1. So, of the residues in region 161-187 that are modelled with pLDDT of 65 or more and assigned to a loop (DSSP other than H, G, I, E, B), which turns out to be nearest to residue 226 (Cα to Cα)?
2. Could you count how many residues in region 35-51 are in contact (Cβ under 8 Å) with a residue 24 or more places away in the chain and not in a loop (DSSP other than H, G, I, E, B)?
3. Inspect region 199-217 for any residue being exposed (fewer than 12 other Cβ atoms within 10 Å of the Cβ) and modelled with pLDDT of 90 or more and give the result as yes or no.
4. Can you name the residue in region 149-160 that is in contact with a strand residue (DSSP E or B) (Cβ under 8 Å, 6 or more places away or on another chain) and either in a loop (DSSP other than H, G, I, E, B) or at pLDDT below 85 (or both) and is also nearest to residue 204 (Cα to Cα) among such residues?
5. Hand me the list of strands (runs of 3 or more DSSP E) wholly inside region 202-302 holding 3 or more residues that are within 12 Å of the chain's Cα centre (by Cα).
6. Could you tell me whether residue 264 is surrounded by fewer than 18 Cβ atoms within 10 Å (Cβ to Cβ) and in contact with a helix residue (DSSP H, G or I) (Cβ under 6 Å, 6 or more places away or on another chain)?
7. How many residues does region 52-68 contain that are in a helix (DSSP H, G or I), over 17 Å from residue 250 (Cα atoms) and out of contact with any strand residue (DSSP E or B) (no Cβ under 9 Å at 6 or more places or on another chain)?
8. In region 267-292, how many residues are touching a helix residue (DSSP H, G or I) at 6+ places or on another chain (Cβ under 6 Å) and within 28 Å of residue 27 (Cβ to Cβ)?
C-alpha cells in the first residue's frame, strides 16, 4: 500500500486530471465511435473501428481501452482478440455532449480534440522549462521514496538519474534515504542529449518517466546505449505508471497514456511490454513491483 503522502497525491492527481475523462468522452463522440458501433451489425475490433473513424490504430486502441474502463463501452474477447460493443447511452446523448464540449475549452482551444491521434511537440520557453522541472521535483518529493525503496539498491554504488535534471528522483528524500537505507551516491549533473552524447558511467541508471515519452524504436535505441555503457552487474531502474497486462487499467494510467499520445510520441506500457524492450536491449533478471502508489518500479541487470 502507498503511504498517506502517496494517497493524498493520488487523490489530488485524480482531481487535477479529471478533465481527461470528459475529453475521452468528447473525443469518442467527435470521432463517431459510438455511432459506428451502434450501427454495426456486430462487435468490431480495433482495426475495424480505426478504419471506420479514420484514426490511427494505436490511438484508437488506447481510446477504446479507456472507454471500456469508464464503462462507456463493453469488450468481448473472441479468438484472442478484443471486440467492442456500445453501452446504452452515449450515442443518444451525442448532441448534448457536443454542446457541453463547446463550453469546456479555454480560449476556444480544445487540445485533446484537435490533437488526438497526432504528435504535439511544442518548444517550451525557458520559464516553462523551469516550471516543468520544479513540477518534477514536487512529484518525486512525494513519490520518490516508494519507488526508490521498491528494491534493494545497496549493490549499486553509483547512480545516474538519466534525463532527470536536476536529479529530481535521486534527490527525493536523499539524505534520509541514504542514512536509513544506504541508497547509492549520486553522480554530478552532466548536461547532454542521451540519444547522442556519451552517457556518464554508473552502476545504476534511473529512467524515471522517460521511456513513456517515446515510441518503442527510440526507447530501444536509448536502452541499447545504456546497455553498452553499463558495466556487467550494473542495471536500470525504470520508474513508470504500469498498465495492467490486459491494458484495461488502472484508469489513471490509461488517461496518462492518452495524454502521452496527445503531447508526445509515447505511451504507458504493461510489465510485459517493458520486459520485451529491456530484454531486446540485452538486460536480464527482470523484476517489477507495483508500489501501490501512482508510479511503479522495474529493475533489470546487465
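The values are calculated or read from the model by the stated rules, or taken from the named source; none is laboratory data. Treat the numbers as computed from the prediction; the structure is a model and nothing was measured. Don't worry about glycine lacking a Cβ; one is built from the backbone with ideal geometry, like all the others, and counts go over all protein chains shown.
1. This residue is 162.
2. Result for region 35-51: 7.
3. Within region 199-217, one or more residues are exposed (fewer than 12 other Cβ atoms within 10 Å of the Cβ) and modelled with pLDDT of 90 or more.
4. Taking the candidates together, the pick is 156.
5. 235-240
6. Yes: the conditions hold for residue 264.
7. Looking only at that region, the number is 5.
8. 3
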